[in-house]
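Below is one structure, written out as structure tokens; the observations come after it.
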Amino acid sequence: MKESAFQIALRTYEPQVKRHTHSFVQTIVPLRGAMEIEIDGRGSRLTPSSVAVLPPGATHDFESTHDGQFLILELSGSALIESWLTPDLCSLRQITPTAWRYMQFLASEAVLKESRMLASVNVLATVRELLIDAKKSSNAVAPPHPRVEAVSRRLTEQACLPLNMAELARDSGLSVSRFHQLYRSAYGQTPKQAQLDVRLKCAVELLLNSRLSVSAIAYELGYENVSSFTNLFKRRFGMTPAKFRVPRK
């Protein structure tokens, strides 16, 4: 791989034990089948909807099932590697349904050998954010209270509507402070952070898969001020929505 470069590809492996060590960061997402993998002496089983992020120099023994197919993302160059070598990323974990859908989307793009989207760094920003979201989900320290779980579903279904903490707490039969405490304990983030996550994930899908203008997307997601939407998006993904959107062939 070239210095400060990345590549995304679909790969299959023979069902036999192999040992690798790379000088770059490698992310493995099983799309079909499974992989037994041991990283620096620690074993695990990768199945669809899970992911492994391997730091440079990590010795790993692995064996794929005969029907295994994997989405592989490799990053080289000190700047890219440093951005991925964080406690939030370097581990084995399950990924969220949203992240899984995005990985499947990338896999469909990888079939197109000349996909322009896969050559854009906005893909890295999105994958990184979705994997960090998976880490947040795994940080939940308590099962959700039934009333809080209902609010979580409401936030997902009505993410474009204005969020009123007092109203949500009242509808749950809880005080604002108790509601906030239970929600954060269950989901590892505040309701406002959860709503922002849903809105920005919807923004990614609309930017990639629709012809709506950035202004139309902002209004669709409940933002009356396009600048506010643009600033929030840039803070999350490191670029404006307009720059994120890659012309499709």
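Worth a mention:
- Taking the criterion of being in contact with a helix residue (DSSP H, G or I) (Cβ under 7 Å, 6 or more places away or on another chain), surrounded by fewer than 19 Cβ atoms within 10 Å (Cβ to Cβ) and modelled with pLDDT of 75 or more, the residues of the range 130-155 that qualify are Arg147, Ser152.
- For Leu168, the test of being buried (at least 19 other Cβ atoms within 10 Å of the Cβ), within 21 Å of the chain's Cα centre (by Cα) and part of a helix (DSSP H, G or I) is failed.
- Hits in the range 54-83 - residues which are buried (at least 19 other Cβ atoms within 10 Å of the Cβ) and touching a helix residue (DSSP H, G or I) at 6+ places or on another chain (Cβ under 7 Å): Leu71, Leu73, Leu75
- If you go through the range 50-65 and keep only what is in a strand (DSSP E or B) and either in contact with a Gly (Cβ under 6 Å, 6 or more places away or on another chain) or closer than 19 Å to Val127 by Cα (or both), you end up with Ser50, Val51, Ala52, Val53, Leu54.
- Ala218 fulfils the conditions (1) surrounded by fewer than 20 Cβ atoms within 10 Å (Cβ to Cβ); (2) in contact with a Phe, Trp or Tyr (Cβ under 7 Å, 6 or more places away or on another chain) except for a single criterion, (1).
- All positions within the range 1-17 that are of a type in the set (D, E, K, R) and farther than 22 Å from Ser76 by Cα: Glu14
- Filtering the range 190-215 to residues that are in a helix (DSSP H, G or I), more than 26 Å from Met165 (Cα to Cα), modelled with pLDDT of 85 or more and not β-branched (Val, Ile, Thr) leaves Leu206, Leu207, Ser215.
- Qualifying residue in the range 22-33 (condition: touching a helix residue (DSSP H, G or I) at 6+ places or on another chain (Cβ under 6 Å) and over 12 Å from Ile72 (Cβ atoms)): no
The values are calculated or read from the model by the stated rules, or taken from the named source; none is laboratory data. Since this is a predicted model, take the numbers as computed values, not measurements. Counting neighbours? That spans all protein chains shown, and the Cβs are built from the backbone with ideal geometry, glycine included.
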